[in-house]
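Q: Below: one structure in structure tokens.
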Amino acid sequence: MTTTDAVELEAPRFETGPALVIAGLRGHFTMATANGIPAQWQRFVSIGRVPGKIGAVEYGLCFPMPGGFDYMCGVEISSVVGLPGEFSQTTIPAQPYAVFAHREHVSKLRHTLDNIWHKWFPSSCYKHVEPSGGAPAFFERYGERFNPQTGMGDVEIWMPVQHSKERTTNE
């Protein structure tokens with residue numbers, strides 16, 4: 001069994017997501033240092049109340065960068081006024097998404113992502129929309145039913161997509 005087989009990938013739902021302004025902590029990682037992301041989340045949660053926070057949903061944003069990727073853990077905000085100085089903010093544009101449920105432990109997100117990139121995209125009639133204007137390549141959405149103590153619950157991966165005219169493989 002390969003690592004991508006360890007997590008079953010459900011068919012995505014398709015949704016046009018609204019524009020969101022997200023604020024939080026951002027760090028640079030490589031695949032070798034990605035195990036530092038939980039510590040970044042712990043630091044973020046320890047900050048407590050975020051001024052201008054909208055709702056109870058939290059987000060993990062991934063930005064491809066030279067030599068690795070940036071990861072931002074944050075929340076939707078209504079205003080940047082009063083944010084801690086260490087916070088970054090970014091806008092996620094309104095656009096179409098393939099939304100994948102992740103029903104396993106949060107530590108297996110990498111396996112779900114591998115399945116999306118290496119199995120779903122090549123066999124679908126969709127292609128990934130490359131980020132522009134500082135937007136993330138994709139984001140994780142941790143809903144109200146996500147339990148950070150157990151690492152289980154309401155987790156989705158939102159992948160920006162557009163319909164491609166050609167299929168790369170037959171179903």
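Just so it is clear, none of the values below were taken in a lab; they were calculated from the coordinates. Just so it is clear, the model here is predicted, and its values are computed rather than measured. With ideal geometry, Cβ positions are generated from the backbone for all residues, glycine too; neighbour counts draw on all protein chains shown.
Q: Quick check: pseudo-label points 7 Å beyond the Cα along Cα→Cβ at residue 31 and residue 154, how many nm apart are they?
A: So the label points at residue 31 and residue 154 sit 3.3 nm apart.
Q: Which of the following values of Rg/Rh (Cα atoms, Kirkwood Rh) was calculated from the structure shown: (i) 1.24; (ii) 0.96; (iii) 1.18?
A: (ii)
Q: What residues have an amide H closer than 5 Å to that of residue 97, excluding those fewer than 5 places away on the same chain, when H is modeled at 1.01 Å from N in the peptide plane?
A: 15, 16, 17, 161
Q: Sequence-distant or interchain residues sharing an amide H contact under 5 Å with residue 137, placed H: which?
A: Sorted by chain and number, the residues that satisfy this are 62, 63.
Q: In sequence order, what are the phi-derived ³J(HN,Hα) couplings for region 59-75 according to the Karplus relation 6.51 cos²θ - 1.76 cosθ + 1.60 with θ = phi - 60°, rounded to whole Hz, with x for glycine and proline?
A: Those phi angles translate into 10, x, 9, 10, 10, x, 9, x, x, x, 8, 9, 10, 10, 9, x, 9 Hz.
Q: By how many degrees, 0 to 90 and rounded to 10, does the Cα axis of helix 37-47 deviate from the longest principal axis of the chain?
A: The angle comes out at about 30 degrees.
Q: Need the full-extension length gain, residue 45 to residue 119, defined as separation in residues times 0.36 nm minus the C-alpha distance. One decimal, nm.
A: Result: 23.3 nm gained on full extension.
Q: Given only helices, namely DSSP H runs of n ≥ 4 each adding -39500 (n - 2.57), what is the per-residue ellipticity at 222 nm of the chain, to the nearest 500 deg cm²/dmol?
A: -3000 deg cm²/dmol
Q: Arranged from highest to lowest average of other beta-carbon atoms within 10 Å per residue, in what order do the peptides 72-83, 47-58 appear?
A: 72-83, 47-58
Q: Next question. Taking the mean number of other Cβ atoms within 10 Å as a proxy for protection, how do you rank 95-105, 114-124, 142-152 from highest to lowest?
A: Sorting 95-105, 114-124, 142-152 by mean packing, highest first, produces 95-105, 114-124, 142-152.
Q: Give the distance, in whole Å, between the Cα centre of region 1-77 and the Cα centre of region 95-122.
A: 13 Å
Q: So if each residue of separation counts as 0.36 nm, and I subtract the Cα-Cα distance between residue 10 and residue 127, what length gain in nm does that give?
A: Full extension of this stretch gives 40.4 nm more.
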